[in-house]
Amino acid sequence: MKLDFNNMMAEFVGPHGITPAAIAAIEGKIGEAVKAMEIKRPQMQWRDLPHNQGRVVEEILEYVAEMSPKIGALVVLGIGGSALGPIALQQALNSPFYNLSDDLRAGRPQLFVLDNIDPATIGDLFAMLDLETTLFSVVSKSGATSETMSQFMIVKQMLEEKFGKEGAAARIVCTTDKSEGNLIKIAQAEGYKTFVIPSGVGGRFSQLCPVGLLPAAFCGLDIRALLAGAAAADSACQNPDFWQNPAYIFAILHYLALKDGKNISVMMPYADSLKFMADWYAQLWAESLGKKFDNSGREVFVGQTPVKALGATDQHSQVQLYAEGPFDKVMVFLGVEDYGADIDIPETFTDMPSLGFLGGHSLAKLLKTQQMATEYALLKAGRPNMTISLPEVNEYTMGQLFYILEVATAFAGELLEIDAFDQPGVEEGKNATYAYFGRPGYEAKKAELNARPAKSPKYIC
Ligand code: PA5
C-alpha cells in the first residue's frame, strides 16, 4: 500500500498546500502526540486486536462451520460502528451481486446489515427472508442502543412465535461487551451464542474483533489475512518518524490543512469495491474528531466534515465544486492498481476519432486514467489532495487500510488535543428519544422538551 502526499505540499499544489516550515513549526506538538500515542497505547485496546484475536478467530470459524450448512441468510442487527465496518468489508471483497447469485455465494449465506430502523426496509426484508434458515446477529457494544435493541426485540418475538424459545435461541447470536449492558444479560438468560467486544474497543474501532470478523467469516472472507494486514500496519504505525508513519503523516497533513481552513475531508475511492470504505471513514473521522471541548475542558468546536464521493461517478456530480468552489477541502483518493478483472473496450467507431480513441483500451485503464486526470485537474486548480493506492483489494490490504485510518484518527485526536474515543454530542439526541418514549428516569428531559416554545404555523408550508 502506498500513500502519496506530494499533492498536499505547497511545492506542488501552490499556496493552499502545506510547507515544510508549517510542519517544522508544529514539530514539538507532533513529538508530544507521538509520545502520547505510546503512553496511551495500553488504553487503546483496539490497537491490540490484530494480535490478540487468534483464539476468537478459531471460535468464529468453528461456529461458522457448524452454522453455515443450516443457514441461507445472515442478518446483522446493529448501527454505526456495529454496521459500517461489516458493510465496507463485504462490499470490498465480495461481488456486489453476492446476495443475488447462488453461484457467487457458493453455499454461503446472504448478508443483510440493517444499520437503520426504517420500517419499510425492515418490513420488506422480513417478508423476503426464510426465517427457518436465517441467523440474526445482534451487535451492540453498549447493549443499550435503541435502534439495535428495537430490531432485536422485534426479531426475538417473531422467532419465538414461530419456533418457540429454543428455536429462537438457535437463530440468534450476540456480539457485545462481556459483562456490561443489557444484551449480555439477556443473551446469557436466553442461552444465545455470544462473542465478545473487548473492553476499550469502541464501536467505530471494532472492525477487527467479532463485530467485523463474524460476518466476514460467514461470507467466506479470510479473516486471518485481514488481521495479518492490520498487524503489518501496526508495525508501520509505530514508527516514531512521522515521515515514515502513514497514519501520522495522514493525520498531520489533515491537521495542518484544517488549521488553514480546510474544514472538509473528501474520501473518493476509484473502485466500487471501496465505496463503503468512505462511509466507514466518514463515521470514524466525524464522530471521533468533531468535539466541543478539548482535553482541558476549553470550548474548541473542532472537527473536519467528512464527505463521501466515488470516482468516476462523482466526477459528474461533485468534482466541479472540488475544483472551483471554496478552498475548504482536502481530497483523499483511494486507488487500486489491480482491479482483479477487466473488460476491453472494442475498437469500433474507428472512423469517428472523438469516440474511436477509446477502442483498444480497457475499463480498468479508463478508470485509472480518470483518477489520474482528476488528481491533475485538482492539482492544477490548487486543491490539496493525497492518494492511498492498494495493489489490490484483498483481506490483507483491507486490514492495513482499516488499521492505518484508525491510528490516523487517534493521532489527529492527539494533535487536536481532544478525546477521539467519546461521542458526547450523540447523547443529547439519544436522551431526547428516551424522553419522548417515556423511559423512566428521563422525566426532566421530557419536561425540558415540553417547555420549548410551540412551533409557529408560519414556518410550515
Ligand atoms: O462508534 C460508536 O461508538 C458508535 O457509532 C456506536 O457504534 C453506535 O452508536 C452503536 O453503539 P452500540 O454498539 O453500543 O450499539
Please count, across the stretch 255-353, the pairs of lysine residues with Cα atoms under 17 Å apart that sit 8 or more places apart or on different chains. 8
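Just subtract the alpha-carbon distance of D241 and N182 from 0.36 nm times their residue separation and send over the number in nm, one decimal. Before the final figure, lay out the partial values.
Values: separation 59, 0.36 × 59 = 21.24 nm, distance 4.38 nm.
That pair, D241 and N182, stretches by 16.9 nm at full extension.
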Cβ-defined net charge surrounding Q238, 15 Å radius [Lys, Arg +1; Asp, Glu -1]: -2
Using only the C-alpha atoms of the stretch 45-221, find the volume of their convex hull and express it per residue in Å³. 106
Quick one: net charge of H361's neighbours, Cβ under 14 Å, K/R +1, D/E -1? -1
Going highest first, how would you order 399-412, 302-315 by mean Cβ packing within 10 Å? 399-412, 302-315
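With viscosity set to 1.567 mPa s and temperature to 4 °C, compute the Stokes-Einstein D of the chain, Rh being the Kirkwood radius across alpha carbon pairs; µm²/s, no decimals. Don't jump to the answer; show the numbers that get you there.
Values: Rh = 23.9 Å.
Rounded to a whole number, D works out at 54 µm²/s.
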Could you work out [θ]222 nm for the chain from helices alone, using -39500 (n - 2.57) per DSSP H run of at least four and dividing by all its residues? Round to the nearest 500 deg cm²/dmol. -14500 deg cm²/dmol
To the nearest 0.05, what FRET efficiency results for Y376 and T348 with a Förster distance of 30 Å applied to their C-beta separation? 0.60
Hey, got a sec? Which GluC sites (Glu not before Pro) in the stretch 113-204 land in a DSSP loop and have at most 16 other Cβ atoms within 10 Å? E180
Unit charges on C-beta of K, R, D, E only; dipole of the stretch 45-221, Debye: 340
What does the charge dipole of the chain about its Cα centre add up to, to the nearest 20 debye, if the Cβ of each Lys and Arg holds +1 and the Cβ of each Asp and Glu holds -1? 1240
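Just want the ordering: K365, K156, K329, from fewest to most Cβ atoms lying within 10 Å of their own Cβ.
Ranking K365, K156, K329 by Cβ neighbours within 10 Å, fewest first, gives K365, K156, K329.
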Considering only L221, S146, W46, whose Cα is most displaced toward the positive end of the charge dipole of the stretch 45-221, charges sitting on Cβ of Lys, Arg (+1) and Asp, Glu (-1)? W46
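Readers should treat all values here as calculations from the given coordinates under stated rules, not as data from a laboratory. A quick note: this is a predicted structure, and the numbers were derived from the prediction, not measured. Note that each Cβ is placed from the backbone with ideal geometry, even for glycine, and that neighbours are counted across all protein chains shown.
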